[in-house]
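First the structure, in the form of C-alpha cells, and then the observations on it.
The values are calculated or read from the model by the stated rules, or taken from the named source; none is laboratory data. These numbers come from a predicted model, not from an experiment. Here Cβ is always computed from backbone atoms with ideal geometry, including for glycine, and neighbour counts include all displayed protein chains.
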Amino acid sequence: MKKKVSTVDYILVLVFAVVIVITLYPFLNVLAISFNDATDTIKNINFVIPRMFTLSNYKYVFKDSDFVMPFVTSVSRTLIGTLVGVFTTSMLAYTLSRKDFVFHKLFTVLFVITMYVGGGLIPDYLLIMRTLKLGNNFLVYIIPGMIWVYNMILVRSFIDGLPFALQEAAKIDGANDFQIWYKIVLPLCTPVIATIALYYAVGQWNSFMDTYLYAQKLPTLQYKMYEIMNQATMKLDIHGSSKVTTAVTPMSIRMAVTVVATVPIVIVYPFLQKYFIGGMTLGSVKD
C-alpha cells in the first residue's frame, strides 16, 4: 500500500532544502569567485557558477615560486603537532581519569581554569621568546599547542565511559599504567582520538598568527597566503582600483587563498568523518 505523504513531510523537505542551500551557498560562492574574472566579480558577487572563468587569481597566488618551504613547514607542523598533541592529550586524559590518582580532581580544575583565564599576549610572548627562547624555532609550532584542554576533556569523558574492569584485569595480569594506556585504553578510544586528531590538524594547518609573532623566518603556507592578500590590498591602495582590477582584486585573491588553504582539510575530513561523528556523540548514550 502506497504511503500517503502528509503536509508535515513536505514542510520538513522544504526546511531541509533551505538548510542545504544556506549551508552550501557560501562555499560555492567562494569557489566561483576564485575562478571568476575579477573585473566581472565587482559588478555582482552573488553567484555560484563562474560567469567568466579564469585562472588569473590562482596564477597570481602561485606566481611566487617560493612556496616549497612554507608548504613543507605547514605539512610538518600539522603532522608532528597532531601526533604530539594526540599522544600527550590522551596520556593526560588517562591519568586524570584514574580514580586512584589522589589529585585528579584538583588538576582537572586547574586545567579547566586555563580555558577561561589566560595571561594575555605579552606574557605569552615573553615566555616563548625570552624564557623558552623559541623564536624562529620549529618547536614554537609544537610545544605551546601540545595540549588543548577541551580535547583533553573529550578524551577523559570517553575513557570514563569505558568499563573500568578492563583496567583492573590488566593490572592483575601485571600490566603497568603505561601498558594499560597503550594496549587497553588507547585502542578503545579510536573515535575520540580521530576527533581530536582532526581538531589538532585543522588548528595547526590554519594557524598563522604564531608565525607572525614568533617565527617569520620559518613561514608557513597560511602565513604566505596572508602576505599575498596584504600585498594585493597594498597594490590596490597605491595604484588605484582602475589599474589593478583589470587582472585581480583583493577579494578575488582572498577567495583563491581560501580555497587553497581549505582543500587539504576537505580532502582529509571524509576519511575521519565516521570517527569524528562517533567522537562528538560520545557520552550521549550511557549504559
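Here are the numbers for the structure shown:
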{"item": "Checking Trp181 against (1) in contact (Cβ under 8 Å) with a residue 40 or more places away in the chain; (2) of a type outside the set (A, V, I, L, M); (3) not in a helix (DSSP H, G or I), the condition it does not meet", "result": "(3)"}
{"item": "Which numbered condition Val8 misses (of (1) free of Cβ contacts under 8 Å to residues at least 12 places away in the same chain; (2) among the aliphatic types (A, V, I, L, M); (3) surrounded by 10 or more Cβ atoms within 10 Å (Cβ to Cβ))", "result": "(3)"}
{"item": "Among the residues listed as Leu14, Leu24, the single one being without any contact (Cβ under 8 Å) to a residue 60 or more places away in the chain, over 29 Å from Ile253 (Cα atoms), part of a helix (DSSP H, G or I) and not assigned by TED's automatic domain parsing to the domain that holds Phe158", "result": "Leu14"}
{"item": "Scope the stretch 193-220; condition in a helix (DSSP H, G or I), small (Gly, Ala, Ser) and under 20 Å from Leu121 (Cβ atoms); matching residues", "result": "Gly203"}
{"item": "Which listed residue, of Val48, Val30, Val61, is in the same structural domain as Ser252 (by TED's automatic domain parsing) and within 30 Å of Lys217 (Cβ to Cβ)", "result": "Val61"}
{"item": "Matching option when the condition is over 20 Å from Val263 (Cα atoms), in the same structural domain as Ile147 (by TED's automatic domain parsing) and of a type outside the set (Lys, Arg), among Thr41, Thr108, Thr73", "result": "Thr108"}
{"item": "Matching entry among Met91, Met69 (being exposed (fewer than 15 other Cβ atoms within 10 Å of the Cβ), in contact (Cβ under 8 Å) with a residue 12 or more places away in the chain, in a helix (DSSP H, G or I) and on the phi < 0 side of the Ramachandran plot)", "result": "Met69"}
{"item": "Hits in the stretch 98-107 (condition: at pLDDT below 90 and part of a helix (DSSP H, G or I))", "result": "His104, Lys105"}
{"item": "Of the criteria (1) surrounded by 19 or more Cβ atoms within 10 Å (Cβ to Cβ); (2) out of contact with any helix residue (DSSP H, G or I) (no Cβ under 6 Å at 6 or more places or on another chain); (3) in the same structural domain as Val266 (by TED's automatic domain parsing), which one Met225 fails", "result": "(2)"}
